[in-house]
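The values are calculated or read from the model by the stated rules, or taken from the named source; none is laboratory data. Computed from a predicted structure; not experimentally measured. With ideal geometry, Cβ positions are generated from the backbone for all residues, glycine too; neighbour counts draw on all protein chains shown. To get the accessible areas, we keep the full protein, side chains included, count just its heavy atoms, and leave off ligands, DNA and RNA. Shrake-Rupley method; radii C 1.70, N 1.55, O 1.52, S 1.80 Å.
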Amino acid sequence: MLISLVVPCYNEEEAMPLFYKEVCKVAEQMRQSHGAEFEFIFVDDGSKDGTLRVARELHDRDPRVRYVSFSRNFGKEAGIYAGLQAAKGDYVATMDADLQDPPALLPQMLDALLSGDWDCAATRRTTRKGEPPVRSWFARKFYQIINRMGETEIVDGARDFRLMSRRMTDAVLEMSEYNRFSKGIFSWVGFRTKWFDYENIERVAGQTKWNFWGLFKYSIEGIVGFSTAPLVFAALMGVIFCIAAFVGIVFVVVRALMFGDPTSGWPSMICIMLLCSGVQLFCLGIVGEYLSKTYLEVKHRPIYIARETEADRDKH
Ligand code: UDP
Ligand code: MG
């Protein structure tokens with residue numbers, strides 16, 4: 001039984017050795033308890049620091065370590081995809097390099113899959129300790145909104161740390177879309193998922209790659225990728241404004257017939273015009289968002305471009 005650990009890494013030279021050490025302990029323990037063999041796939045997402053160097057060193061020392069290095073930064077989602085493609089395991093896990101995903105959970109997760117009742121063991125954090133409160137608030141709101149309008153359930157606090165069966169991994173790989181929102185993809189493919197809760201852990205070294213703007217764009221990506229509700233909303237706004245305009249016309253005509261036609265009220269006219277054009281631009285923006293995603297999708301660009309893998313290194 002082979003278990004592949006897929007680890008997307010962007011500027012993680014400090015965290016990777018710590019991660020490797022930690023995960024080796026668990027691997028040894030699981031070799032004895034479950035007879036599981038491991039492979040570690042580090043995906044260097046175009047890092048600017050020594051991440052690739054560390055990956056090469058680890059591979060030279062330990063042939064279980066494999067790596068894929070990108071030609072530039074393609075983002076974590078692309079990293080996960082590349083890792084899943086490279087993974088040969090019967091079970092495949094994705095986890096972060098910063099040890100925010102505790103490897104100690106892996107034995108329990110594997111037990112769940114081996115029991116035959118589950119295809120996937122996923123994790124979610126129960127607290128958002130150590131995170132700015134504003135960010136937590138927006139995150140909670142985001143999950144509320146996306147779950148209310150989407151057909152795909154996105155679990156609040158779900159991490160990208162999960163262990164999947166080969167079947168589910170293949171299903172995820174079949175979703176070769178360019179705009180990848182993993183949380184949505186994992187949920188969309190279905191399968192039976194067992195959830196494991198744990199408290200938020202701070203990263204061991206290095207810095208988070210997320211800022212507020214990045215998270216905001218990511219949330220829009222999630223909504224546009226997995227729901228067409230905003231388009232319905234745009235159409236609905238159109239209908240509401242038509243009705244309002246119709247009522248307004250009737251009112252104005254009746255008033256003019258009954259009381260004559262005093263030409264006053266241009267400030268209110270300006271306000272209405274601004275409101276209407278604002279709503280129009282907003283709805284156009286929503287449509288544009290979907291159009292831009294479609295545009296990128298039909299180009300069929302590769303999700304990532306590899307510059308070097310461990311196979312290249314073995315050749316020399
Ligand atoms: N990551 C990546 N490419 C990126 C950004 C992040 O591969 O463009 C990796 C990063 O190295 C880490 C994981 O994704 O292993 C999670 O990133 P981070 O810890 O910054 O996110 P957070 O845990 O704060 O949500
Ligand atoms: Mg992290």
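Quick look at the values:
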| read-out | value |
| --- | --- |
| Any pair with Cβ under 7 angstrom, 6 or more apart, that starts in the stretch 218-229 at a residue that is in contact (Cβ under 8 Å) with a residue 60 or more places away in the chain and ends at one that is outside any helix (DSSP H, G or I) and open to solvent by 30 Å² or more (accessible area, probe 1.4 Å) | Ser227/Glu151 |
| Residue match in the stretch 145-160 (condition: in contact with a Pro (Cβ under 9 Å, 6 or more places away or on another chain), within 16 Å of ligand 2 (Cβ to nearest atom) and modelled with pLDDT of 90 or more) | no |
| Residue ID - farthest from ligand 1 (Cβ to nearest atom), chosen from residues in the stretch 57-76 that are among the small types (Gly, Ala, Ser) and at pLDDT 90 or above | Ser71 |
| Residues of the stretch 179-221 classified as closer than 27 Å to Lys48 by Cα, away from ligand 2 (no atom under 16 Å from the Cβ) and either open to solvent by less than 50 Å² (accessible area, probe 1.4 Å) or of a type in the set (Asp, Glu) (or both), total | 5 |
| Candidates Gly46, Gly35, Gly50, Gly79 - the one that is surrounded by fewer than 19 Cβ atoms within 10 Å (Cβ to Cβ) and within 16 Å of ligand 1 (Cβ to nearest atom) | Gly50 |
| Extreme residue, farthest from ligand 2 (Cβ to nearest atom), among residues of the stretch 96-113 that are under 14 Å from Phe38 (Cα atoms) and aliphatic (A, V, I, L, M) | Leu110 |
| Any hit, the stretch 120-135, residues being within 16 Å of ligand 2 (Cβ to nearest atom), crowded, with 18+ Cβ neighbours inside 10 Å and in contact (Cβ under 8 Å) with a residue 12 or more places away in the chain | yes |
